[in-house]
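Everything below concerns the one structure shown next.
The values are calculated or read from the model by the stated rules, or taken from the named source; none is laboratory data. Worth saying up front: this structure is predicted, and the values here are computed from it rather than measured. All Cβ positions, glycine included, derive from the backbone under ideal geometry; neighbour counts span all protein chains shown. The protein model used for the area step is the full one, side chains on, heavy atoms only, and it has no ligands, DNA or RNA in it. Shrake-Rupley method; radii C 1.70, N 1.55, O 1.52, S 1.80 Å.
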Amino acid sequence: MPLRFYNTLTQEVEDFAPMDGRTVRMYTCGPTVYHYVHIGNLRTFTFQDILRRWLRARGFQLNHVMNITDVEDKIIRSAMQQGKSLNEYTAVYEQAFIEDTKTLRLEAPERLVRATEHIDEMVEAIGTLSDKGFTYESDGSIYYRISKFAGYGKLSHLDVSGIMAGARVDVDEYEKADARDFVLWKARKGDEPFWDTKIGPGRPGWHIECSVMAMKYLGETLDIHAGGIDLAFPHHENEIAQSEGMTGKQFVRLWLHSEHLIVEGQKMSKSLGNFFTLRDLTEQGYQPEAIRYLLASVPYRKKLNFTMDGLRAAATSIDRLRNFKLRVDTEKFADGHNEAIAARSRAALEQFEKSLDDDLNTAEALAAIFEYIRDANSAMDSGEFRGGNCADANAVLSRFDSIFDVLTATVAESGISDAEVDAFIKERQDARKARNFKRSDEIRAELLERGVVLEDTKEGVRWKRK
Ligand code: AMP
Ligand code: ZN
């Protein structure tokens, strides 16, 4: 079965391959750096990480650009309140965002680009749109006249026929019911930061930044553009109007939108105040891998209802996976290779891959892995699983982990390394041989204190992180 995705533009599930057959040119809307990102934002970024990894697993190269929105209404308001320059204010949150993505093991895009470093290009783009008759000016601000663009509404499937011509909005975010001419360039206002440019003093609207940076680095037609579902309107609709207005060519072939993470029925959002940051959760002792697992486990087009129980269940699932891995790595199995078990491993891999090919159905992909683990564990208990089958099991686990990336425990900076654990285990064995059980117990206690559990089995000592 080919790799397939649901395209918001066509409202259909379509086969996917990049235009040039090799490299996926992909743009994703990054964070607005006016605060720490919350785990709702991180759900969207985790989906994009799984997407990246699966595209690569399917043999494609990636050219992925993500923007950092570092000039915007909310940023300006907060920076001014704190008497800081835009850059001073946003640098902290940009850095925090990068740290959070590392904690969650999200791969870095090939390019991370800041809006404030592309003001000249935005001014040029607005000039092109004006030359083509898509804009008008009012009080020094420049607006996009949506009635000039025949395709307006095609992404969000909005009927714009009744929309009042000439009515406009200045804010960056608004609802579908308020579809209006939107602002490309905002005239300088009071003490707000501004750029002195040939289209006048002011600052760009939010939508133009993504059109400009996407096309600068990826060309006029992208393979994929992704973001959370709330961005489909107006942000992405406006991006299409701007980009296609400028080039007359299709801007994006495949539009992917991830559903929201919700809490008690409501979208998690900074404005509602119902949010957790990643730091809130890790400070409470939740492992980053459990958070990553939870965010990735619900298929991206379904709402994810966030609960602490869900997070604890994710940690339990990871324990099952790691315990199985530990068994494969440390248990002594009878020699030989059981072909039936090899076939079971191949079937699991196939089911895993088929599920991800099917619009990234992560829930089914995980189910394939857990059913396999259940069967393999029983085969181990009954002695059917042979030494030669370890390679089959490891093939399944490593394919799984190349996408989900939760098997290795995060070691806190103050934590203990694998090599140190091994050295302690060696010392403990020597102590036991010398019948120094006091020292042996001390080592076990010290390791436990540092998050490492030892298990004495008939085949020797196994250990794992708590
Ligand atoms: P922002 O920083 O608000 O521009 O959002 C960054 C990304 O997070 C965008 O792709 C949003 O669509 C997405 N996002 C915002 N809130 C949520 C949520 N509750 N669940 C999932 N994604 C979200
Ligand atoms: Zn964007």
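Report, in cubic angstrom per residue, the convex hull volume of the C-alpha atoms of region 200-358.
204 Å³
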Which value results when the Cα radius of gyration for region 254-295 is divided by 2.2 N^0.38 Å? 1.36
Using Cα atoms only, what is the angle between the long axis of helix 390-404 and the major principal axis of the chain, expressed in degrees (0 to 90) to the nearest 10? 30 degrees
Pull out the extension gain between K132 and R439, defined as 0.36 nm times the separation in residues minus the alpha carbon to alpha carbon distance; nm, one decimal. 102.4 nm
Beta bridge orientation in the chain: antiparallel %, DSSP, nearest 5: 50 percent
Report the one residue of A393, L294, S258 whose Cα lies farthest in the direction of the positive end of the charge dipole of the chain (charges on C-beta: Lys and Arg +1, Asp and Glu -1; origin at the Cα centre). A393
From the C-alpha gyration tensor of region 111-242, pull out the three semi-axes of the equivalent ellipsoid (sqrt of 5λ each), sorted largest to smallest, in whole Å. 22, 19, 14
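What per residue convex hull volume, in Å³, do the alpha-carbon atoms of region 81-175 yield? Before the final figure, lay out each step's value.
On the way: hull volume 18.8 nm³, N = 95.
Convex hull volume per residue, Cα atoms: 198 Å³.
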Can you list residues whose amide H is under 5 Å from T23's amide H, if they're 5+ apart or on another chain and H is modeled 1.01 Å from N? Q61
Expressed as a whole percent, how much of the Cα-Cα distance distribution for region 346-451 exceeds 23 Å? 53 percent
For L9, other-chain or 5+-apart residues with amide H closer than 5 Å (H placed, Pro excluded) are W255
Calculate I(q)/I(0) for region 181-285 by the Debye formula, one identical point scatterer on each C-alpha and no solvent, and give its log10 at q = 0.11, 0.21 Å⁻¹ to two decimals. -0.52, -1.08
Just the accessible area per residue of region 155-244, please: how many Å² with a 1.4 Å probe? 38 Å²
Scan around H35 for amide H atoms under 5 Å from its own, H built in the peptide plane at 1.01 Å from N, and keep only partners 5 or more places away or cross-chain. none
Starting at the first residue of region 451-457, write each ³J(HN,Hα) from the Karplus equation 6.51 cos²θ - 1.76 cosθ + 1.60 with θ = phi - 60°, in whole Hz, x for Gly and Pro. x, 10, 9, 9, 9, 8, 10
Suppose all protein chains stay in the model; what accessible area per residue would a 1.4 Å probe give for region 363-431, in Å²? 44 Å²
Whole-percent tail of the Cα-Cα distance distribution for region 314-357, cut at 13 Å, equals 71 percent
Roughly how tilted is helix 418-433, in degrees to the nearest 10 and between 0 and 90, from the longest Cα axis of the chain? 10 degrees
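Could you provide, to the nearest whole Å², the per residue accessible area of region 13-112 with probe 1.4 Å?
With all protein chains present, region 13-112 gives 39 Å² per residue.
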Please list S147, S85, S258 in order of solvent-accessible area, largest first, computed with a 1.4 Å probe with all protein chains present. S147, S85, S258
Counting only protein heavy atoms, what percent of the accessible surface of the chain is carbon or sulfur at a 1.4 Å probe? 47 percent
Please state the equivalent ellipsoid semi-axes for region 9-63: what are the square roots of 5 times the Cα gyration tensor eigenvalues, largest first, in whole Å? 25, 14, 11
Expected unfolding gain across E192-A177 under the 0.36 nm per residue rule, minus the alpha-carbon gap, is 2.5 nm
With axes computed from alpha carbons, what is the tilt in degrees of helix 39-57 against the longest principal axis of the chain, rounded to the nearest 10 within 0 to 90? 70 degrees
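Decide, for region 211-260, between rounded, prolate and oblate: order the square roots of the alpha carbon gyration tensor eigenvalues as a ≥ b ≥ c, take rounded if a/c falls under 1.5, and otherwise choose prolate if a/b is larger than b/c, else oblate.
prolate
How big is Rg to Rh over the chain, alpha-carbon atoms, Rh as the Kirkwood inverse-mean-distance radius?
1.06
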Quick one: if you stick a label point 7 Å off each Cα along the C-beta vector at Q429 and N323, how many nm between them? 2.5 nm
If the cut-off is 19 Å between C-alpha atoms, which lysines fall inside it for K186, apart from same-chain ones fewer than 8 positions away? K74, K198
